[in-house]
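Just below is one structure, and these are the notes that go with it.
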Amino acid sequence: MDKQLDPLASLLLHEEIVGRGIEVFYNDQVQTFYGKENVEGIRLMSGRKIDCQAVIYAIGTIPNVELARAAGIACNRGVIVNDFMATNTEGVFALGEIAEWCGQMWGITAAAEEQAAVAARYVAGDIAKPYKGSLSMNILKMEGLNLCSFGRVEVPEDDPSFEEIVFIDKAKRYYKKCIIHNDKLVGAILMGDKSEFLEFKNLIQNGIELSEKRLQLLRSGKAPEPVIGKLVCSCNNIGQGNLEAKIASGCSDFTVLCAETGAGMGCGSCRMEVKNILHNKMTLANDKQFSLL
């Protein structure tokens, strides 16, 4: 995560992982596997041999652009699109992890939804809201560890217009770093407590000036609400019980439910589950109302 964290956050993450009894080998890679019917170990490029019974790959995604390229659609790392997600072939659009816009690509559900909205408006004749890129977000999902970053994580060298605000407690591995430019939050790292994830994400995406709210917003953290029931949204620590309580209070709109609880507002991968919970609760409520009649 060298591009998602600064050196201090990287060090704290390393200490956390090692503290859990996990060995980390840097600047090395798997060369060969060995074993007969099942894997029994691996050999690294450095020559080190490690006995193991299972191997987990974490290699990211590589867009499969061969079909598009064969059809004459312009491709680079991904399928090249313009500000309305259209390719160089009329009537063909690209969204999500395969779309390359201005040399950039995003691999999160939230970005794909933003791109889909732009394409849908364009098809409907609305050219007033072109795509302007999505906020880069990185959320490490590990049991008992809160860590996320978005936007800039480092202040550019020799540019006094950028400011850096840092809160840190190394003993508790709590680290909060905010990057400010022209009185606007443009990036942050949250480790040990990401309860302000949604608040900071909105500040960056909407380009809101901090002004008098600066000291209030850039505080050293706030007490998070407890997770009730099964964890649904690991980005913002929202449980099924939290969602059901909000629905029971009268919230029946999916978009409002997400906005007010924070569920589905991070990577977006839990939005379908949130929608199902809302549907089930509303169906149950309607059935009860019908039985009373």
(request) Just list whichever of K49/K170; K3/K170; K141/K275; K170/K213; K132/K177 have alpha carbons separated by over 30 Å in the model shown. (result) K49/K170
(message) Sorting check: for 134-140, 57-63, which peptide has the highest mean count of neighbouring beta carbons within 10 Å, and how do the rest follow?
(response) 134-140, 57-63
(message) Could you check the spin-label model distance between E40 and K132? Points 7 Å from the Cα along Cα→Cβ, value in nm.
(response) 6.0
(message) Give me, ordered by chain and number, the residues 5 or more places off Y174 or on other chains with an amide H under 5 Å from its own placed amide H.
(response) D169
(message) Along the Cα→Cβ direction, 7 angstrom out, place labels at M1 and D28. What is the inter-label distance in nm?
(response) 2.2
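In deg cm²/dmol and to the nearest 500, what is the mean residue ellipticity at 222 nm of the chain if only DSSP H runs of at least 4 residues count, each as -39500 (n - 2.57), divided by the residue total?
Working: 8 runs with 86 residues, N = 293.
Helices in the chain give a 222 nm mean residue ellipticity of -9000 deg cm²/dmol.
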(request) Amide H neighbours of V232 under 5 Å, at least 5 residues apart or on other chains, H built in the peptide plane: list them. (result) I238, G239, Q240
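Computed FRET efficiency, Cβ-Cβ of S195 and V256, R0 25 Å: what is it to the nearest 0.05? Don't skip to the answer; put the middle values down first.
On the way: r = 20 Å, r/R0 = 0.82.
Rounded to the nearest 0.05, the efficiency is 0.75.
In segment 19-106, which GluC sites (Glu not before Pro) are in a loop and have at most 14 other Cβ atoms within 10 Å, using DSSP for the loop call? Please list the in-between numbers first.
Details: sites: E23, E37, E40, E66, E90, E97, E100; in loops: E23, E37, E40, E90.
Answer in residue order: E23, E37, E40, E90.
So how much slack lies between A120 and E212, counting 0.36 nm per residue of separation and subtracting their Cα-Cα distance, in nm? Intermediate results must be reported in sequence, preceding the final value.
Working: separation 92, 0.36 × 92 = 33.12 nm, distance 3.81 nm.
29.3 nm is the gain from fully extending A120 to E212.
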(request) Using the Karplus curve 6.51 cos²θ - 1.76 cosθ + 1.60 with θ = phi - 60°, work out ³J(HN,Hα) for each residue of segment 43-58 in order, rounded to whole Hz, and write x for Gly and Pro. (result) 10, 8, 4, 6, x, 5, 10, 10, 6, 7, 10, 8, 10, 10, 9, 9
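Just subtract the alpha-carbon distance of N182 and E164 from 0.36 nm times their residue separation and send over the number in nm, one decimal. Show your work: numbers first, answer last.
On the way: separation 18, 0.36 × 18 = 6.48 nm, distance 1.20 nm.
Stretched fully, the N182-E164 segment lengthens by 5.3 nm.
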(request) Convert each backbone phi in segment 101-115 into a coupling constant with the Karplus relation 6.51 cos²θ - 1.76 cosθ + 1.60 (shift: θ = phi - 60°), then list the ³J(HN,Hα) values in order as whole Hz, x for Gly and Pro. (result) 10, 6, x, 10, 9, 10, x, 10, 4, 4, 5, 4, 5, 5, 5
(request) Determine the gain in length on full extension of the stretch A71-E225; use 0.36 nm per residue of separation and subtract their C-alpha separation, reporting nm with one decimal. (result) 50.3 nm
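Bear in mind these aren't lab numbers, they're just calculated from the coordinates by the rules spelled out. This one's a predicted model, so the numbers in the text were calculated from it and none came from an experiment. We place every Cβ from the backbone using ideal geometry, glycine too, and count neighbours over all the protein chains shown.
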